[in-house]
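Undergrad: Please see the structure below; I have some questions.
The values are calculated or read from the model by the stated rules, or taken from the named source; none is laboratory data. Note that this is a predicted model, so its numbers are computed, not measured. We work out accessible area using only protein heavy atoms, side chains counted, and drop any ligands, DNA or RNA first. Shrake-Rupley method; radii C 1.70, N 1.55, O 1.52, S 1.80 Å.
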Amino acid sequence: MNYQVVIGEAAFEVEIDEESVRVDGEIVEVDWLAAPPGANALLSLDGRAHSVGGRRQSDGFWALSVNGESFRAEVLDDRTLLARQVSGASGRATGPRPVRAPMPGLVIRVEVSVGQAVRRGEGVAIVEAMKMENELKAEADGVVDRVLVQAGETVEKDQVMIEWKTPEVP
């Protein structure tokens, strides 16, 4: 299962399967250690023990405690990320992240060019997948830095299609 975990301004890609855990592409050794009932869980990350607690809040965010330090985190699974990307919705106004193909498909149209300023929610490309056209939208304001695909090209799931640079503030 893939997740995006956002804590403050930092975003992490977390992949979990039966054999491993990866954070931003790097394998992390994870073991749950025994903990007394009612206490925080003990989690070993790369051989270092951490006291970890957390609860989901009514707004969908997580209140986390790691070694006594508190964090507020947003944890998004693949389905939620795809829905946000297709709809252009975003719960946060962070800097632009690359536009990635939500699934394998055919690029029908690229609606932006290098140097173009784009507003959050504006359409940037259309990808056809499973006989449906999906409009991909910018999740934050930005300026197009690189367009890595063109109409007629096939893309794989998670392939970077468009990269951004943050607009300069005068």
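Undergrad: Please give every one of the aspartates and glutamates within straight-line cross-link reach of Lys137, meaning a C-alpha to C-alpha distance under 13 Å, and leave out same-chain neighbours fewer than 8 residues apart.
TA: Lys137 reaches Glu111, Glu122, Glu163.
Undergrad: Oh, and also: Taking the Cα atoms only, what angle lies between the long axis of helix 78-87 and the longest principal axis of the chain, rounded to 10 degrees?
TA: So the helix axis and the longest Cα principal axis differ by about 30 degrees.
Undergrad: Expressed as a rounded percentage, what relative contact order does the chain have, with Cα pairs under 8 Å and six or more residues apart?
TA: 17
Undergrad: Residue by residue, what Karplus-based ³J(HN,Hα) values in Hz, rounded to whole numbers, does segment 21-27 have, using 6.51, -1.76 and 1.60 with θ = phi - 60° and x for Gly and Pro?
TA: 10, 10, 10, 6, x, 9, 5
Undergrad: A further question on this structure: Per the 1.4 Å probe, what fraction of the accessible area of the chain, in percent, lies on carbon and sulfur atoms?
TA: 51
Undergrad: Now a separate question. Could you sort Glu153, Glu29 by accessible area so the largest value comes first, with the probe set to 1.4 Å?
TA: So, going from the largest accessible area down, we get Glu29, Glu153.
Undergrad: With every protein chain left in place, what is the accessible area per residue of the chain in square angstrom, probe 1.4 Å?
TA: Accessible area per residue: 63 Å².
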